[in-house]
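Visitor: Pasting in a structure now, in structure tokens, and then I'll have a few things to ask.
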Amino acid sequence: MSGTFVGMPSFPRAAKEAVHNKTLRGNLRHATHTIRDKRAKAVAELADWAELREAGKQIKDHTLRHLDRYLLQLEERVTAAGGTVHWAADADEANRIVADLVKATGESEVVKVKSMATQEIGLNEALEAEGIAAYETDLAELIVQLGDDRPSHILVPAIHRNRAEIRDIFRTKMADWGRAAPDGLTDIPADLAEAARLHLREKFLRAKVGVSGANFMVAETGTLVVFESEGNGRMCLTLPETLISVVGIEKVVPSWRDLEVFLQTLPRSSTAERMNPYTSTWTGTADGDGPKTFHLVLLDNGRTGTLADEVGRQALRCIRCSACLNVCPVYERAGGHAYGSVYPGPIGAILSPQLRGTQSEIDASLPYASSLCGACYEVCPVAIDIPEVLVHLRERVAGQGGKGHRLEKAAMKAAGWVLDHPGVLGAGERAASKTRRLHPSKLPGAGAWTRSRELPEMPAEPFRDWWKKNRKPKPDGTSKPDGKKS
Ligand code: SF4
């Protein structure tokens, strides 16, 4: 399987394959239900959850409104603390900057902290093209990388794999990437974790360059923050001599005070933990402590375009907790790969088409990858109204034209004309009632829609005729009772 999402088929086609994979559906159902139940309990413990959610929304909205100011402040503080800031307009520019920085160190390998931004720009593939090996160190990302697979969940990228599959991947692939899996490796979680630990330890101790993303960037001090659960991030952020962080520009928050909110909402929403296990922060460089060189690559890649859209910009509030994925009935059945992006599930359905545009087949189909049930909005810790953005993006896609859209437009125009002419409407209703025995039970030409739905039965008499007979107001202003003759 390819490591990238380029040229993916539309969501319905990709999802159709996925829903027939029973193992995948079983794995997803078990994992999403477990996480969602735990999250609900963790959130219910906080009496002020609604206030925290509102605070998170307002902090993000305020920052996005003044993004230019906060980004410049961040740049100034990072520079003052000994770091170097680079600005990347798109994926190509960001990849080129990182590749050049790694090459300048003379190294040909890097260790990576799990990072959505670097997956979004395809950094691993870009580095590979330059002869640089990028090793993922998050356990789930390691499974994805060794399995030549793609991530299918924001937080649990290998959610589609069960323990037996992971054991097989470790047994067959670990040796190709470094230290082999221990002989007789079982699928007991502790054994799998130990195998990964031994394999990764070798890389942590050897690597001279680390690459990370960040969950937040604090403008007032130029500090970057990473939340993680395994400690691998701490190793990547402290051991290498050079650290390169690639971060989307929307990840900035004004102050440390603002972090107080997200330190509570993010762990509970993502892993259902009261407190995050490893929260690493770093500000530029410090003598004798951590990397000697620090580079921050600030990534746009479609974010300023998204910011310009009044409805769609709320997607930039996302803190990547993945709560919306775990409650989504569509994601649970289709799995993450069908979304054709590193951002799967409800947030992916609104973020990818905005970051990448709606021209490709997959991106034009994503706003329709939802039943609009609203469960995603209910759980979102920054109150992103995902259904609102989905409908907004559907309008955008429909506005692009296409055969389906032209037919729909013609049908709406014809319906508008008939509804404007009551005589024609009445005659049509009567004709339809008289010929009702001849009507098909399925709509011709709409097989996919009517395969599991029957057309409603036509009444023997049109409603308007029935009304005239039974409810027509009498001269005294009263009307006939239902079904009775006066
Ligand atoms: S949209 Fe909301 S619920 Fe979904 S990942 Fe982002 S912050 Fe979490």
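Visitor: Among the listed residues ARG274, ARG234, ARG257, identify the single one that is away from the ligand (no atom under 16 Å from the Cβ) and in contact with a Pro (Cβ under 8 Å, 6 or more places away or on another chain).
Guide: Working: ARG234 fails: in contact with a Pro (Cβ under 8 Å, 6 or more places away or on another chain); ARG257 fails: in contact with a Pro (Cβ under 8 Å, 6 or more places away or on another chain).
It is ARG274.
Visitor: Ok, one more. Quick check on segment 350-362: of everything there that is in a helix (DSSP H, G or I) and surrounded by fewer than 24 Cβ atoms within 10 Å (Cβ to Cβ), which residue is farthest from the chain's Cα centre (by Cα)? Full working, then the answer.
Guide: Restricting attention to segment 350-362, the residues satisfying the condition of being in a helix (DSSP H, G or I) are 350-356, 361-362.
Restricting the remaining residues to those that are surrounded by fewer than 24 Cβ atoms within 10 Å (Cβ to Cβ) gives 355-356, 361.
On the way: LEU355: 12, ARG356: 13, GLU361: 18 Å.
So, considering only residues that are in a helix (DSSP H, G or I) and surrounded by fewer than 24 Cβ atoms within 10 Å (Cβ to Cβ), the one farthest from the chain's Cα centre (by Cα) is GLU361.
Visitor: So is GLY26 over 30 Å from GLY312 (Cα atoms), more than 24 Å from the chain's Cα centre (by Cα) and not charged (D, E, K, R) or not? Break it down into steps so the answer makes sense when it comes.
Guide: Numbers: over 30 Å from GLY312 (Cα atoms): yes; more than 24 Å from the chain's Cα centre (by Cα): no; not charged (D, E, K, R): yes.
No; evaluated as a whole, the condition is false for this residue.
Visitor: Right, next: Check GLN264 against each of (1) buried (at least 20 other Cβ atoms within 10 Å of the Cβ); (2) more than 13 Å from the ligand (Cβ to nearest atom); (3) under 22 Å from the mean Cα position of the chain (by Cα); (4) assigned by TED's automatic domain parsing to the domain that holds GLU107 and name the one condition it does not meet.
Guide: Looking at each condition in turn, GLN264 falls short on (4).
Visitor: Among the helices (runs of 4 or more DSSP H) contained in segment 294-349, which hold 3 or more residues that are within 13 Å of the ligand (Cβ to nearest atom), on the phi < 0 side of the Ramachandran plot and not assigned by TED's automatic domain parsing to the domain that holds HIS153? Quick ask: steps written out before the conclusion?
Guide: Values: elements: 303-307, 323-327, 329-334.
Because the criterion is at least 3 residues that are within 13 Å of the ligand (Cβ to nearest atom), on the phi < 0 side of the Ramachandran plot and not assigned by TED's automatic domain parsing to the domain that holds HIS153, the helices (runs of 4 or more DSSP H) in segment 294-349 that meet it are 323-327.
Visitor: Here are the criteria: (1) out of contact with any Lys or Arg (no Cβ under 8 Å at 6 or more places or on another chain); (2) without any contact (Cβ under 8 Å) to a residue 24 or more places away in the chain. Tell me which single one ALA195 does not satisfy.
Guide: Just one mismatch for ALA195, condition (2).
Visitor: Quick one: which of ALA180, ALA158 is farther than 30 Å from ASP258 by Cβ, under 24 Å from the mean Cα position of the chain (by Cα) and assigned to a loop (DSSP other than H, G, I, E, B)? So that I can check it myself, show each step before the final result.
Guide: Working: ALA180 fails: under 24 Å from the mean Cα position of the chain (by Cα).
After applying the criteria, what remains is ALA158.
Visitor: How about segment 373-434: which helices (runs of 4 or more DSSP H) wholly inside it have at least 3 residues that are more than 16 Å from the ligand (Cβ to nearest atom) and either modelled with pLDDT under 90 or more than 23 Å from ARG356 (Cβ to Cβ) (or both)?
Guide: On the way: elements: 375-379, 386-399, 403-419, 422-434.
Where helices (runs of 4 or more DSSP H) fall fully within segment 373-434 and carry at least 3 residues being more than 16 Å from the ligand (Cβ to nearest atom) and either modelled with pLDDT under 90 or more than 23 Å from ARG356 (Cβ to Cβ) (or both), they are 403-419, 422-434.
Visitor: Would you pick out the residues in segment 350-372 that are of a type outside the set (Ser, Thr, Tyr) and within 16 Å of the ligand (Cβ to nearest atom)?
Guide: We begin by selecting, within segment 350-372, every residue of a type outside the set (Ser, Thr, Tyr); these are 350-351, 353-357, 359, 361-364, 366-367, 369, 372.
Answer for segment 350-372, where residues must be of a type outside the set (Ser, Thr, Tyr) and within 16 Å of the ligand (Cβ to nearest atom): ILE350, LEU351, PRO353, GLN354, LEU355, LEU366, PRO367, ALA369, LEU372.
Visitor: Pairs, please: C-beta under 6 Å, at least 6 apart or cross-chain, first residue closer than 16 Å to ARG161 by Cβ and in segment 330-355, second more than 13 Å from the ligand (Cβ to nearest atom) and not in a helix (DSSP H, G or I)?
Guide: Between residues of segment 330-355 that are closer than 16 Å to ARG161 by Cβ and residues that are more than 13 Å from the ligand (Cβ to nearest atom) and not in a helix (DSSP H, G or I), the close pairs are GLY335/SER152; GLY335/HIS160; GLY336/SER152; HIS337/ARG150; HIS337/SER152.
Visitor: Sticking with this one: Which pairs turn up if I take residues in segment 305-318 that are crowded, with 20+ Cβ neighbours inside 10 Å and look for partners that are part of a loop (DSSP other than H, G, I, E, B) with beta carbon separation below 8 Å, at least 6 apart in sequence or on another chain?
Guide: Between residues of segment 305-318 that are crowded, with 20+ Cβ neighbours inside 10 Å and residues that are part of a loop (DSSP other than H, G, I, E, B), the close pairs are GLN314/ILE384; GLN314/ASP385; ALA315/ILE384; ARG317/VAL382; ARG317/ALA383; ARG317/ILE384; CYS318/VAL382; CYS318/ILE384.
The values are calculated or read from the model by the stated rules, or taken from the named source; none is laboratory data. Keep in mind the model is a prediction, meaning the values are calculated, not measured. Please note: Cβ atoms are built from the backbone with ideal geometry, for glycine as well, and neighbour counts cover all protein chains shown.
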